[in-house]
Structures are given as C-alpha cells and as structure tokens.
C-alpha cells in the first residue's frame, strides 16, 4: 500500500470520527491524532496480529481523555477505523476497542488522582490563625515517604513565606511527622 493510500484511509477514518463528534474538542483531537491513527492503520492493514496495535489504541484513548475528548469518541473510534479500513469484522477490533477504553479511563483516573493531590497543597490544607499561627491538616493521601516528604517541604516553605511562626498539625502519623519535620527545618515551632 502506498503512503497516499494510507493517508486516504486515515482521512476516511477521521471523517467518520468527525461526523460522530459531540464536542468541539473531539474534532480537534481527530485532527491532532492523525499520526497515531496512521500507526494503528498500518498495524490493522498488516492483519492486526501484532500486539503493538493495542498499545497504539491505548495511546489513542489516553490522547482523547487528556485533550478533553468525549467518551463517545473513545467508544466509536475503533469501529470507525474498521469501517474506513474495510477490515470489519476483524479479530483486533474488540481488543482494540477495549484498549482505547482502558487508555481513556486510565488517563481520566490519573487526572482525578492529580486533582486530589492538589487539594492538599498549601494553603488548601491550612487555616491561618492570629499571631503567626497556622493549623495544618496533614492528610496527604499517600504512604510513600518520598511523596510525603516532597509535599511536606512545599507546605512548610509556603507556611514560612506566609509568615507562620507556630503550627498546629493534625493527621495520620506518617503525614503529620513529615510536616512536623519540614516545619522544623524552616524554623516553625510545633504547637502542642
């Protein structure tokens, strides 16, 4: 197959996705994902037996989620690929559809987890009290000592820059200890 033929098949796939788009972001994603679609098309036209087609499909699902695309686009795109490429039915379509869904879902989950971690950033995790005192909720949702230490250091630095001289700290033992240690480093007294 010539590159021109491949481009025409990818264009047909993009056209099917564009027609089914429910969000403006979907249309933008379709255009931005042409190189990845060409990779998927190449694997599909070679029989779809190489497991790398599923990695490429998962990457397409991630791209759709990361750029704010709709679940509709994620759900329909592999079927549209099969139609445009003239390979329906094909053994790779079901697993390809699943790989797009898994990539899409994983990217959404990662975004939610990042948002959750950001909710513990200073000053969200603290309440300023009179007299240079701050109360800190040390509830960072991780037991990883490295992540706790990095978070606690950011909290302590921000509290010091805000002018805190004393802090009340409450929360699970590991997070509380990490914050107290970081506060000590920046010279903020721990209130008991």
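Derivation of every value follows stated rules applied to the coordinates shown; laboratory data play no part. Just so it is clear, the model here is predicted, and its values are computed rather than measured. Glycine gets a Cβ as well: all are built from the backbone with ideal geometry, and neighbour counts include every protein chain shown.
Short-range pairs are left out: with C-alpha atoms under 8 Å and at least six residues apart, the relative contact order of the stretch 3-117 is 32 percent.
Among 183, 129, 76, 108, rank each residue by its count of other Cβ atoms within 10 Å, from fewest to most, as a rough exposure measure. Can you show the working numbers first?
Working: 183 25, 129 14, 76 21, 108 17.
Listing 183, 129, 76, 108 from fewest to most nearby Cβ atoms yields 129, 108, 76, 183.
Using a cutoff of 8 angstrom between alpha carbon atoms and counting only pairs six or more residues apart, the relative contact order for the stretch 101-168 works out to 34 percent. Once the Cβ-Cβ distance between residue 34 and residue 88 is put in as r, and R0 is 22 Å, what FRET efficiency do you end up with, to the nearest 0.05? With a Förster radius of 22 Å, E is 0.55. Computed over the chain, the percent of Cα pairs more than 19 Å apart is 64.
With neighbour counts taken as other beta-carbon atoms within 10 Å, the residues 105, 77 rank, fewest first, as 105, 77. Under the criterion of Cα pairs below 8 Å and six or more residues apart, the relative contact order for the chain equals 16 percent.
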